[in-house]
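To keep things clear, I will list the structure first and then write my remarks on it.
The numbers here are math on the coordinates, done by the rules we state, and not lab data. Remember, predicted model here, so these are calculated numbers, not experimental data. No Cβ is skipped: glycine too gets one built from the backbone with ideal geometry, and neighbour counts run over all protein chains shown.
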Amino acid sequence: MTGTSAIALVQGASRGIGLQYCKTLLQRNTVSTVIATCRNPDSSSGLNYLKNNNSSKLHVCKLDVTNEDEISNVYKYVSENFGKLDLLINCAGMLHPSGKGETSLRSVTGQDLMSTIHTNAVGPLLMAKQFSPLLLNGDGLVGVRSTDPSSQHCGIIANMSAKVGSITDNGLGGWYSYRMSKAALNMATKNLSIELGRGRKKVICVSLHPGTVDTDLSRPYHKNVPKLFTTEYSVNCLLEVIDSLSIADSGKFLTYDRTQLPY
Ligand SMILES: NC(=O)c1ccc[n+]([C@@H]2O[C@H](COP(=O)([O-])OP(=O)(O)OC[C@H]3O[C@@H](n4cnc5c(N)ncnc54)[C@H](OP(=O)(O)O)[C@@H]3O)[C@@H](O)[C@H]2O)c1
């Protein structure tokens, strides 16, 4: 089953940047369906509000990104109902189970490190594994394919990363779990771009940095942030970047203003 309007899936959509992606994508005439996934659909007031106002376009599914059975259930739902995917946004993320990054080696624990890496890096890779057949069925309706026929891509994977995941850019240290998890996510993006860029049908894979955005995740640090973006501003910028993507961009780590970051 294919169509002429885009199917998008936002993983980690209950609040913050993920919820804003859903709001903005739902406003687009070129997007026919937004599948919003989150751990506890009933307790997301933001998604429930959207559901009541966009019921035919919005599909809300339960998905904890650390649970492979739930990923597989949502894959079956999307496969049976739509048969393709044009855009997958892996947005769920955590700074650290405590809500604050480690300031020194003393505060590192194996359990916290593993749980951060599981959510921020392992989960998005398993999403890509499960959904890549549907992305390879995509119609290239997101990205520049309509205006740049040389970009023969079918779907796009946008992994929400963070500038602090750049190894080259790390001048301050600290935040072991978050930095390591996002560096691992960036490696997943690069690997995916190679494997999913080999065949005749291709999927564009990028890591994106949203800026510092006014959400629960960044809340403990708002006092020290000179330029705190609203979710609306950040997501508008990020979708402009996503709209501009071609195969030549696959594997890149890009900021909200399309600057390329070093890995
Ligand atoms: N805000 C920033 O300044 C900033 C900067 C750089 C990068 N980012 C990245 O942008 C992404 C979104 O962050 P945000 O600022 O919007 O954070 P947020 O407001 O704290 O939202 C985090 C989201 O992740 C979800 N989540 C956490 N663990 C999950 C799991 N196991 N399964 C499914 N969903 C899970 C949360 O769901 P629940 O409601 O169920 O907890 C929530 O929807 C993250 O990947 C983050 O690292 C943010």
May I ask you to evaluate 6.51 cos²θ - 1.76 cosθ + 1.60, the Karplus curve with θ = phi - 60°, for each residue of region 80-92 and list the ³J(HN,Hα) values in order in whole Hz, giving x for glycine and proline? 5, 8, 10, x, 7, 9, 9, 8, 10, 10, 8, 10, 3
Most fluctuating of ASN159, ASN90, ASN81 in the GNM of the chain (C-alpha, under 10 Å) is ASN81
If the chain between ARG219 and ASN48 were fully stretched, how many nm would it gain, using 0.36 nm times the residue separation less the Cα-Cα distance? 59.2 nm
Taking neighbour Cβ counts within 10 Å as the exposure measure, how do LYS182, LYS23, LYS201 sort from fewest upward? LYS201, LYS23, LYS182
Just want the ordering: VAL10, VAL31, from fewest to most Cβ atoms lying within 10 Å of their own Cβ. VAL31, VAL10
Residues of region 109-128 with amide nitrogen under 16 Å from the 7 Å Cα-to-Cβ point of ASN67? 119, 123-124, 127
Note: GLN111 to ARG198 extended length (0.36 nm per residue) minus current alpha-carbon separation gives 27.7 nm
To two decimal places, what compactness ratio does the chain give when its Cα radius of gyration is scaled by 2.2 N^0.38 Å? 0.95
If amide H atoms are modeled at 1.01 Å from N in the peptide plane, then the residues at a separation of 5 or more from VAL31, or on another chain, having amide H under 5 Å from its own are ALA6
Which whole-number percent of Cα pairs in region 1-121 have a distance greater than 21 Å? 42
